Amino acid sequence: MERTWKEINETIVSENDLMSLTKSHNVSVYRRENFKNYESITYRCSQYRTFTKCQYQLKAKIYHDGTYQIFYSQHHEHELLEDTRLPTDIRSNIRDLAMKGLTIGQIQKIMEPFVPFFEVTNIDNIFVCITTRQLLSTCKWSCTLAIDCTYKITSCELPLLIFGTSDINRRYFPMGLCLISTDETTKTFVTFLKGIQVWAATANHQPYTINVIMADGAPGLTAAVSNELPTCRRLMCWPHVLRKVREHRSLIKNKEKFLMVEKDIKELQLAFNDQVFFAGAKLMLEKWATDKDLNKFSQYFSEQWLSHLCYWYEGAARFTPSSNNGLESLNGRIKQHYTMRNKLPLAPFLQLAEKMLVDWSTNNVQQPFQLHLTINNDLDVKAYDWINKVDRNEILQLDAFTFVVPSKEPQMNIRSWINCLYSMTWSSYEHFKQWLGSARLLNYSNMLPPIFCSCKYGLKEYSCIHTIGLM
């Protein structure tokens, strides 16, 4: 049924006024949308999980000139206090699965779903992890953990946390799922990070070490990683960074200037190690500082993407995807093939989750986790053509394993490129970009593929004409 919105005649002149209004109406943020002339924020009842029949919503339109319009739809329905205790059949289902998890060493069917941990107090305090031994076996081969939450899965709006990793051919392998009450608190992710290390170690009879975590910008996860895994590198999904940057395009009034800034950021994303990235970022900010129209955006970008969440460039973690695309694709398949884009009650969803985990486990057996890179035959042909065309005098060896080769369209000679590599000094950001695109750094310390190369394909796909051509 289409909603009817009525305007609220209250004077709102600042964000503080808006916050006071939403507090008095007992609502919290539901979704944000950006339109050409204004930003729309929709709020829903803060107690929507307790009073599931409450359809009250508030909508704020924030225009670019600083004016506000406030609307409301329907009324709060809190007359009948609903029982937030989970139904008996659901609690029994979780408890039965948990009992299987407690005797994990005796489970003979490695693809049988079990619950290694659950905490269920009421609808606002739920953490239920479901997995299989087959899925957890992937932890033996990878120290990278990719995490993402998907929504609109259950009728009570509980987020579903999916976790897994990718093999060397960038194929995503789910390890399990967690039904959680919220993805906004640090406590949720602390529970998960502590738990996954115990569950994986118990299932595989060996310690599970997490060196890299890939996710979106969830602040709760960032804080949990900092507290629980201080030596772990917390990667930020590159497409999410780009999406957030575009959402802040209004900070730059001139469209052409924003496109220039976006191009600068995309080129910086191809930095192949920490030193190159931070040196390039400093030069980029110095370039933007010469144009006062970029000041607001430059401040936003520096605080958000160079301080709090700075590991979104290709060289932040070698042979690790710079995006969560594999996991987000899996989230799409969950909605398309399992829930049929319906919000399911908890009991049917838990039954569906078991089937989903069995399917993932079966697929895991049929297409095992790969430790060796698969190289396309076409790449061999292209590598052969490249090595026959390149000037051999321009291929320099720096040490026993490291080589430098020219790019397709170099803008400086190899020796100048090497001097900049060692000194980490460039005259400007434009000079830095010319340097970055003029040569490729290769490292053969792995002996066998994947071999590191600083070109775009080497960084993103772990194989390229340069590494194959010089083998």
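Averaged over every viewing direction, what's the projected area of the C-alpha convex hull for region 147-293? Give it in nm², one decimal, please. Display every interim value, and only then the final one.
Details: hull surface 47.0 nm².
One quarter of the hull surface, i.e. the mean projection, equals 11.7 nm².
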Helix 377-389 vs. the chain, principal-axis angle (Cα, 0 to 90°, nearest 10): 30
Farthest positive-ward along region 11-73 dipole, Cα basis, beta-carbon charges - from Val29, Ile70, Asn16: Val29
Sequence-distant aspartates and glutamates (8 or more away, or on other chains) whose Cα lies within less than 14 Å of Lys187: Glu119, Asp124, Glu228
Largest to smallest accessible area among Lys61, Lys343 [probe 1.4 Å]: Lys343, Lys61
Nearest 10 degrees, 0 to 90: helix 414-423 Cα axis against the chain principal axis: 50
Dmax and Rg, reported as Rg then Dmax, of region 11-73 (C-alpha, Å): 12.0, 38
Whichever lysines have a C-alpha closer than 23 Å to that of Lys140, once near sequence neighbours (fewer than 8 apart) are set aside: Lys100, Lys109, Lys194
Nonlocal amide H pairs with Cys455, under 5 Å, H built at 1.01 Å: Leu441
Nonlocal amide H pairs with Tyr208, under 5 Å, H built at 1.01 Å: Ala201
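Which of the peptides 159-171, 278-290 is most tightly packed, and how do the rest follow, judged by the mean count of other Cβ atoms within 10 Å per residue?
On the way: 159-171: 19.9, 278-290: 17.3.
Sorting 159-171, 278-290 by mean packing, highest first, produces 159-171, 278-290.
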Alpha-carbon spread of the chain, three principal axes, descending order, Å: 82, 65, 37
For region 230-268 and region 274-293, distance of Cα centres in Å: 13
Other-chain or far-sequence residues with amide H under 5 Å of Phe401's (modelled H): none
Segments 425-432, 31-38, 436-443, 376-383 sorted - mean Cβ within 10 Å per residue, highest first: 436-443, 425-432, 376-383, 31-38
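Counting only heavy atoms of protein chains, what accessible area per residue, in Å², does the chain have with a probe of 1.4 Å? Kindly include the intermediate steps, with their values, before the conclusion.
Numbers: 24230 Å² over 471 residues.
Per-residue accessible area for the chain comes out at 51 Å².
Ranked by accessible surface with a 1.4 Å probe, highest first, in what order do Arg3, Arg44 come? Walk me through the intermediate numbers first.
Numbers: Arg3 60, Arg44 40 Å².
Ranked list, largest accessible area first: Arg3, Arg44.
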Inter-centroid distance (Cα atoms) of region 418-436 relative to region 1-46, Å: 49
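Given charges of +1 on the Cβ of Lys and Arg and -1 on the Cβ of Asp and Glu, with all other atoms neutral, how large is the dipole of region 244-308 about its Cα centre, in debye to the nearest 20? Working shown, then result.
Numbers: 12 positive and 10 negative charges, 55 e Å.
My answer is approximately 260 debye.
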Mean separation of Cα contacts under 8 Å, 6 or more apart, over the residue count of region 244-308: relative contact order %: 38
J(HN,Hα) series, region 319-332, from Karplus relation 6.51 cos²θ - 1.76 cosθ + 1.60, nearest Hz, glycine and proline x: 6, 10, x, 8, 9, 9, 4, x, 6, 5, 5, 4, 4, x
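First compute the accessible area of the chain with a 1.4 Å probe, then give the percent of it belonging to carbon and sulfur atoms. Write down the numbers at each step before the final one.
Values: 12120 of 24230 Å².
Carbon plus sulfur share of accessible area: 50 percent.
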Size descriptor, Kirkwood hydrodynamic radius, that averages inverse alpha-carbon separations across region 334-471, Å: 18.5
Residue (of Tyr172, Gln367, Leu294) at the positive-pole extreme of the chain, dipole from beta-carbon charges: Gln367
Cα-based reach from Lys61 at 17 Å (exclusive), listing aspartates and glutamates while leaving out same-chain residues under 8 positions away: Glu7, Glu10, Glu15, Asp17, Glu33, Glu39, Glu247
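Cα-Cα over 20 Å: which of Lys292/Lys433; Lys257/Lys296; Lys266/Lys456? Spell out each step's value before the answer.
Working: Lys292/Lys433 22 Å; Lys257/Lys296 13 Å; Lys266/Lys456 11 Å.
Cα-Cα > 20 Å for Lys292/Lys433; rest within.
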For region 183-189, 3J(HN,Hα) per residue [Karplus equation, 6.51 cos²θ - 1.76 cosθ + 1.60, θ = phi - 60°, Hz, x = Gly/Pro]: 10, 9, 9, 5, 4, 4, 6
Accessible surface of Arg133 - all protein chains present, 1.4 Å probe, nearest 10 Å²: 50
Using θ = phi - 60° and Karplus 6.51 cos²θ - 1.76 cosθ + 1.60, couplings along region 116-121 (whole Hz; Gly, Pro as x): x, 7, 8, 9, 10, 9
The chain - share of DSSP beta bridges that are antiparallel (%, nearest 5): 85
Region 379-422 - Kirkwood radius from inverse mean 1/r over Cα pairs (Å): 11.6
The chain, dipole about Cα centre (Lys/Arg Cβ +1, Asp/Glu Cβ -1), debye to the nearest 20: 400
Cα gyration tensor, region 397-439 - rounded (a/c under 1.5), prolate or oblate: oblate
Pairs of Cα atoms farther than 20 Å apart, region 244-308, %: 20
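The values are calculated or read from the model by the stated rules, or taken from the named source; none is laboratory data. Bear in mind the structure is a predicted one, so any value in this text is a computation, not a measurement. Heads up, the Cβs are rebuilt from the backbone with ideal geometry, glycines too, and the neighbour counts pull from every protein chain shown. Surface accessibility is based on the protein's heavy atoms, side chains included, excluding ligands, DNA and RNA. Shrake-Rupley method; radii C 1.70, N 1.55, O 1.52, S 1.80 Å.
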